[in-house]
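Only one structure is covered here, and it is reproduced in the block below.
The values are calculated or read from the model by the stated rules, or taken from the named source; none is laboratory data. If you're wondering where the values come from, they're calculated on a predicted model, not measured in any experiment. Cβ coordinates were reconstructed from backbone atoms using ideal geometry, including for glycine residues, and neighbour counts include every protein chain displayed. The protein model used for the area step is the full one, side chains on, heavy atoms only, and it has no ligands, DNA or RNA in it. Shrake-Rupley method; radii C 1.70, N 1.55, O 1.52, S 1.80 Å.
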Amino acid sequence: MYCKSTEIPKPCIIMGAGFGGTQDTPSMVAIATAFAQAGVHAFTFDYRNLGESEGEIRQLVSVSGQQEDFLQAIRYIKKHPAVDETRLGLWGSSLGGGHVISVAAQTKDISAVIAQIPFNGFPKKSGRSLWQTFRLLYVIRKDWIRGKKGLSPRYIPAVGHEGELAVMAGGEAAKTIAGMQSKTWRNEVAPRGIWEMIKYKPSSTANQIEASVLICYGEYDKETQGPQTAELIKSLPKAEVKSYPVTHFEFYEPGIRERIISDQIEFLQRNFP
C-alpha cells in the first residue's frame, strides 16, 4: 500500500490495472505515489493469473474473476488500521476502468470512483481490416475450445504493431510496450479470456451506483471509443466528465499523466472530506 505515515486513519483508493496490466508498471506506481503524496492511501494489487498473484492459467484475463479480485481487495482494506473504511474509492484504467463501474454497482462501501479511459464493450470500428478481425476471432474461438478440452493456451501479444495478430495493435505499439516494462508485466495473454469480454458492458449495471463517479476519457482514443464512453456516461446517476486531447495509450505517458492525476486528486479531495 502506498501511504504517508500517520496515526489517523485516512481515505484509501483501491487501484486496478488495464487489460493484462500489473501493479508494478511505471504508470501505476506513479499514480499510486501521487495519491499517497496528496494524503490518500493507494492500494494496488495484481489480478489473479497475472503478475505476482497466484492462479492458473497464467496470463488469463477473467472479467468475472477480476471483479471478484476488486471485491476481495475492498474487504481486505476495510480492516486495515490505517484506513478510514467510510472513505473508500476505486480507480481503474481501460478494462480496469470498466471493472470499477461494475464493482461499484455491487457494493455500498465505495464513495468515489475514477474510471479512466473505461472499457464499455469493444468498439464497432477497431481500425482492423475485416480479415484481421475474423483472424482474431478465429484465434479466440480456437483457444476457448482448447480451454474446454483442458489444453494449454496458444498465447498472443496483448499489444502489437499495425497488422500484427494482437489484442490491441497499432502505430503506438512500440511506445506502449516500452512504457509497460516492469519486473512482472508480460506482453502476452491467453486469447480464450477475450471471449468473456465480448459480452461485457459495464454500462448495463451503472445505474445502480450510489458513489460519485469521475470519467476521464481521451478524445482520440481508438480502444475505448466515444460512442461506448457516451453510453456509459449516460447510464450513470452521478458523473463528472473530464476529456483530454490524447489517445488511449498517451494517458500513461509522463507529462500528460500528471495533468490527469491532478484532476483526479482534486475529485478525490472533494469526495473524501
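Step by step: first the residues of the stretch 188-206, then only those that are touching a residue at least 40 places away in the same chain (Cβ under 8 Å) and more than 18 Å from R135 (Cα to Cα), then the one that is surrounded by the most Cβ atoms within 10 Å (Cβ to Cβ). Which residue is that?
Restricting to residues being touching a residue at least 40 places away in the same chain (Cβ under 8 Å) and more than 18 Å from R135 (Cα to Cα), the top hit is P202.
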In the stretch 238-256, residues that are open to solvent by less than 70 Å² (accessible area, probe 1.4 Å) and either part of a loop (DSSP other than H, G, I, E, B) or within 20 Å of V159 (Cα to Cα) (or both) total 9
Go through the residues of the stretch 100-118 one by one and say whether even a single one is part of a loop (DSSP other than H, G, I, E, B), β-branched (V, I, T) and at negative phi.
yes
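Take the conditions surrounded by fewer than 17 Cβ atoms within 10 Å (Cβ to Cβ) and hydrophobic (A, V, I, L, M, F, W, C) and apply them to L130. Does it pass? Give the derivation first.
On the way: surrounded by fewer than 17 Cβ atoms within 10 Å (Cβ to Cβ): yes; hydrophobic (A, V, I, L, M, F, W, C): yes.
Judged against the criteria, L130 is a match.
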Residues of the stretch 151-163 being open to solvent by 70 Å² or more (accessible area, probe 1.4 Å) and either of a type outside the set (D, E, K, R) or in contact with a Ser or Thr (Cβ under 9 Å, 6 or more places away or on another chain) (or both), in sequence order, are L151, S152, Y155, H161
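Condition check ((1) of a type in the set (K, R); (2) touching a helix residue (DSSP H, G or I) at 6+ places or on another chain (Cβ under 9 Å)) across all residues:
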{"residue": "Y220", "(1), (2)": "no, yes"}
{"residue": "E223", "(1), (2)": "no, yes"}
{"residue": "P227", "(1), (2)": "no, no"}
{"residue": "F251", "(1), (2)": "no, yes"}
{"residue": "R257", "(1), (2)": "yes, yes"}
{"residue": "I260", "(1), (2)": "no, yes"}
Any residue at all in the stretch 225-246 that's of a type in the set (D, E) and farther than 26 Å from Q59 by Cβ?
yes
Can you confirm whether the stretch 52-59 contains a residue that is open to solvent by 20 Å² or more (accessible area, probe 1.4 Å) and outside any loop (DSSP other than H, G, I, E, B)?
no
Could you look through the stretch 1-41, keep only residues that are of a type in the set (F, W, Y) and outside any loop (DSSP other than H, G, I, E, B), and pick out the one that is farthest from R259 (Cα to Cα)?
Y2
Residue satisfying all of: in the stretch 60-75; assigned to a helix (DSSP H, G or I), touching a residue at least 24 places away in the same chain (Cβ under 8 Å) and not hydrophobic (A, V, I, L, M, F, W, C); nearest to W195 (Cα to Cα) among these
S64
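How do the helices (runs of 4 or more DSSP H) wholly within the stretch 160-237 filter down when requiring 1 or more residues that are within 16 Å of S27 (Cβ to Cβ) and at pLDDT below 95: which remain?
On the way: elements: 173-180, 194-198, 226-235.
Ranges flagged: 173-180.
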Selection within the stretch 139-155 - of a type in the set (G, A, S) and free of Cβ contacts under 8 Å to residues at least 40 places away in the same chain:
G150
